[in-house]
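Working notes, beginning with the structure itself.
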Amino acid sequence: MITLTGKKISEGIAIGRLAFYKRGKREIRRIYVEDAKKEILRFQKACEKASLELQELYETMSKEIGEANAAMFEMQQMVLEDSEFLNGVMRIIMEQKLNAEYAVKEATNRFIEKYAPRDASYVRGHEADVKDVAARILRILARIRKEKMLMDEPFIMAARDLYPSEAAQLEQSKVLGIVTMYGSINSHTATIARTKEIPSVIGIGEALKKQYEGKMVIVDGFEGKLYIEPDQTTLAKMQEKKRSALRKIETLERLKGKENVTQSGQKIDVCANIGTKEDIESVLRNDANGIGLFRSEFIYMESGLRFPTEEQQFQIYKLAAEAMGTKRVVIRTTDIGGDKSADCLEITGENNPAMGYRGIRVSLDKEEMFKVQLRAILRASAFGNFAIMFPMISSMEEVIAAKNVLAKVKQELRDEKILFDEAVPIGVMIETPAAVMISGELAREMDFLSIGTNDLTQFTLAMDRTNRRISGYYNPKHPALIKMIRIVANNVHLEGKRISICGDLAADLSMTEQFINMGIDELSVAPSQILPLRKHIRELK
Ligand code: PEP
Ligand code: MG
């Protein structure tokens, strides 16, 4: 057994085989084929093989992870039997005399675009599954079997480093744990791992060797340890630790439906931070008072080379609205930039991306893109209790400009007789020292403010949150930060508005009492942190 140590970023125990993440998609070339019939046969054979693989997977997975979780493989079978999909591929091969790989890629995109927006379609909300089926066919066509097959079963993912855009696309049912050689605990990759509740350890360094590929390992996200080929004693100990963590979760379950109230009667809302529609389920499971931060840029990061359309975004926001019912859902308009890169919006050549073209600056610069998003949010606001929040604010001018675009979009919707919530509250993130200093003016202008302690820490301390070399100095509890939070809370309350904290500091239990005493109205944390926070609040005097 080999024991490696790194930094813990997401709690939990994961046991499984290790598979190294292979960056870079296989390039799919557009090739002219002489014999289209032969190419169709090649495609049909690949489909047959894919179908057999899926059948096998369904059977083994139903035993291991239960029928409900294995149902995704059944759904994927449906795609393989869908005549629209199959004919779409064959038409491209036949009519354009193109290779099967290219036809699969093209037909998949068209299939998703055509069907995803329709309410009745089984494809809606399962775009990732359709892409998975296509990837399986492409792999079979490329005659790659062994090492990629590992990816079809739940596994523990090892990587040099992982971009947030890559982490955002990980499927919880497949990735049991994450271990990386590098990375920072304050990065968005860490945030995503926590939100997806995937036990993770980062920064193991070069000790995480390629030769461990395929080996049985255990990730201990509580201690920041990785055990390679664990011995029987360690395995038994870790299995017990896993069971005990589950028992703890069961105890926390009893807090569902209870108030976040201290013993002396002080109340505070505890909401959830999410990034994708898949996270909504854990918001409900953990009984959040609402969604305090929907990091909508993750939708863009998952969207590939094309911007997510108004319809695609609308469906996701509507899902959140309907799932949460009367509970508030705060959609933060996209904060692409910094460490959150999206293929659909290439930002290059910046010396300081975190302080560069990002957040509201991008939205105001790309008004069309901004309007598409605001239309989608406003349309979805008719189905629930929505609020809109602008990120990375540093001046009143930005706020006024953003509100002007919002007013234009509202007018367009009125003209088109499309329903939306006319009174949708508007707020801003306090993530820059400038925003702290003008928090009084901002509070006058907006309905609520939310403090993003992650960015506020990096800009106040002048410390890049993704730079692992200085992570030892990065202190979100620096007295300067605490003073800033107090100043903002006072300014907001003077205007009679609401103040929340949605950065990682919100989940720090050593701060809860102070936050409650400052009168913070809401803490918004990763879904898995809701019940532990509730427990702590209820124990406070
Ligand atoms: C923050 O900066 O604290 C915040 C919540 O936003 P993000 O972590 O997405 O930058
Ligand atoms: Mg931020």
Open item on the list: Is it the case, given these coordinates, that Tyr300 is away from ligand 1 (no atom under 15 Å from the Cβ) and either open to solvent by less than 10 Å² (accessible area, probe 1.4 Å) or closer than 19 Å to Val525 by Cβ (or both)?
Closed with: no
Task: Search result, residues across segment 326-373 that are within 16 Å of ligand 1 (Cβ to nearest atom) and acidic (Asp, Glu) - done: Asp335, Asp339
Task: Residue count for segment 391-404, restricted to those that are assigned to a helix (DSSP H, G or I) and among the small types (Gly, Ala, Ser) - done: 2
Task: Within segment 321-351, considering residues that are charged (D, E, K, R) and over 27 Å from Asn286 (Cβ atoms), the one modelled with the highest pLDDT - done: Glu350
Open item on the list: Any residue at all in segment 286-296 that's of a type in the set (Phe, Trp, Tyr), out of contact with any Pro (no Cβ under 9 Å at 6 or more places or on another chain), in contact (Cβ under 8 Å) with a residue 12 or more places away in the chain and surrounded by 23 or more Cβ atoms within 10 Å (Cβ to Cβ)?
Closed with: yes
Task: Criterion (under 17 Å from the mean Cα position of the chain (by Cα) and of a type in the set (Val, Ile, Thr)) met by exactly one of Thr333, Thr309 - done: Thr333
Task: Of the criteria (1) open to solvent by less than 60 Å² (accessible area, probe 1.4 Å); (2) modelled with pLDDT under 95; (3) not β-branched (Val, Ile, Thr), which one Leu305 fails - done: (1)
Task: All positions within segment 429-456 that are closer than 15 Å to Arg358 by Cα and either open to solvent by 20 Å² or more (accessible area, probe 1.4 Å) or of a type in the set (Val, Ile, Thr) (or both) - done: Ile430, Thr432
Open item on the list: Return the residues of segment 288-332 that are within 16 Å of ligand 2 (Cβ to nearest atom), over 18 Å from Phe420 (Cβ atoms) and small (Gly, Ala, Ser); say none if nothing qualifies.
Closed with: Gly292
Task: Residues of segment 181-212 satisfying the condition of being in a helix (DSSP H, G or I) and either over 27 Å from the mean Cα position of the chain (by Cα) or surrounded by fewer than 18 Cβ atoms within 10 Å (Cβ to Cβ) (or both) - done: Gly205, Glu206, Ala207, Lys210, Gln211, Tyr212
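Here's the yes/no breakdown for (1) among the aliphatic types (A, V, I, L, M); (2) over 29 Å from Val283 (Cβ atoms):
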site	(1), (2)
Pro433	no, yes
Met463	yes, yes
Ser471	no, no
Pro479	no, yes
Ile501	yes, no
Met518	yes, no
Pro532	no, no
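Here is a yes/no grid of residues against (1) more than 30 Å from Thr5 (Cβ to Cβ); (2) under 27 Å from the mean Cα position of the chain (by Cα):
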{"site": "Val219", "(1), (2)": "no, yes"}
{"site": "Glu229", "(1), (2)": "no, no"}
{"site": "Arg247", "(1), (2)": "no, yes"}
{"site": "Gly257", "(1), (2)": "yes, yes"}
{"site": "Thr262", "(1), (2)": "yes, no"}
{"site": "Cys271", "(1), (2)": "yes, yes"}
{"site": "Thr276", "(1), (2)": "yes, yes"}
{"site": "Arg285", "(1), (2)": "yes, yes"}
TODO: Check Thr348 against each of (1) loosely packed, with under 15 Cβ neighbours inside 10 Å; (2) of a type outside the set (A, V, I, L, M, F, W, C); (3) closer than 25 Å to Ile430 by Cβ; (4) under 26 Å from the mean Cα position of the chain (by Cα) and name the one condition it does not meet.
DONE: (3)
Task: Selection within segment 468-505 - open to solvent by 50 Å² or more (accessible area, probe 1.4 Å) and within 16 Å of ligand 2 (Cβ to nearest atom) - done: Asp504
- [ ] Within segment 213-263, track down each residue that is of a type in the set (Val, Ile, Thr), open to solvent by less than 80 Å² (accessible area, probe 1.4 Å) and over 30 Å from Leu523 (Cβ atoms).
- [x] Val217, Ile218, Ile228, Thr234
TODO: With respect to Asp508, determine if the residue is free of Cβ contacts under 8 Å to residues at least 60 places away in the same chain, within 23 Å of Thr262 (Cβ to Cβ) and among the charged types (D, E, K, R).
DONE: yes
Task: Residue count for segment 172-196, restricted to those that are away from ligand 1 (no atom under 16 Å from the Cβ) and touching a Pro at 6+ places or on another chain (Cβ under 9 Å) - done: 6
Task: Selection count where residues are open to solvent by less than 40 Å² (accessible area, probe 1.4 Å) and among the polar types (S, T, N, Q), scope segment 351-393 - done: 3
- [ ] Would you list the helices (runs of 4 or more DSSP H) that sit entirely within segment 405-499 and hold 1 or more residues that are of a type in the set (Phe, Trp, Tyr) and within 13 Å of ligand 1 (Cβ to nearest atom)?
- [x] 453-460
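The values are calculated or read from the model by the stated rules, or taken from the named source; none is laboratory data. What you are looking at is a predicted structure, and each value in this text was computed from that prediction instead of being measured. Neighbour counts run over all protein chains shown; Cβ positions are idealised from the backbone, glycine included. Keep in mind that these areas ignore ligands, DNA and RNA; they rest on the heavy atoms of the full protein, side chains included. Shrake-Rupley method; radii C 1.70, N 1.55, O 1.52, S 1.80 Å.
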